[in-house]
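J.: First, the structure itself, so that you have it in front of you.
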Amino acid sequence: MTDLDLIDDYSVLVLEESYTLQDLFADWLDGIEVRPVADPDAVIGAFDATVAVACLSETAFDGRGEAIRNDLLSRNPYCQLVGILSRSASLAEHEPEYDECLQRPILKVDLQDTVERRLAYGIYSSVLREFYDLNAAFVWRRRDETDDRADAESADRAADDATAGRDGSEAVDDGDFEDLTDDEIRERYQRVCRQLDVLQGRLSGAAIAEITRSIRRHKDYLTTPTAAVDRGPPAKHHPRRCPACKLPWGIDHGNELGNGFIRIAAGVRRCTRCQEIVHGLGESGRRITSR
């Protein structure tokens, strides 16, 4: 992976409280941009969309590991998380929280192999996401062109109306991709296709399957309800749970689920997990209608 041109576009974040180990890890990962931080408060500041792998020391979290992992995945769900565990830590306990775990003392070859593998997974996921985004851009651009034609026809009709003494003005959206020309979109799309070809040629079927599991695992991690379930009576203005998926409502889940629902109108709410739309409450606390 380190011989690919696109490696220059990505980096590895390392949370490690030992400055000596920070320097050692950076030396071991020669050819890769390494962003070392010692304080968990500095993690978010050093993190951006170019970070494909985050190596996180469990002993540096100071009890904030779950919140930091959630924040990183919320910002970039394709980033690969590698846990650096103490010698006495339980692998089984921490494996669900990471894509891969390393246990101290860490050997050079283990760090290099793990980071290189996870870097390939993170880059592939990121490039694949851009591929789909560009496809969507093409769709919107074609729709934009259709709107332009409709706009021209509307202008012609408006001129005819003005000649006839009528008012027939219309407002037409110019589209969401005015900052990119057709050639720029096409060039980016061709570049991404070349990158995907190279990556797919180097990744086995098992690796692609692991990437898929990783993406699914990140999504599940971000949408897992909190264990703190309100067992009291229904809230005054909304059900205690989603009528469809039973997700607790009115509780801060600490992730993308928020408090379980989004208010979209007076008496109308949408579940943040299953997207069920619930309309109002009767006096008994039951929903009136849903779809």
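Readers should treat all values here as calculations from the given coordinates under stated rules, not as data from a laboratory. Worth saying up front: this structure is predicted, and the values here are computed from it rather than measured. Every residue, glycine as well, gets a Cβ built from its backbone with ideal geometry; the counts of neighbours run over all protein chains shown.
J.: Across bins of 5 angstrom width beginning at 0, how are the C-alpha pair distances of the stretch 5-121 distributed, in whole percent?
T.: 2, 12, 25, 28, 21, 10, 2, 0
J.: While we're on this one: How do the peptides 55-65, 203-213 rank, highest first, by the average count of neighbouring beta carbon atoms within 10 Å per residue?
T.: Final packing ranking: 55-65, 203-213.
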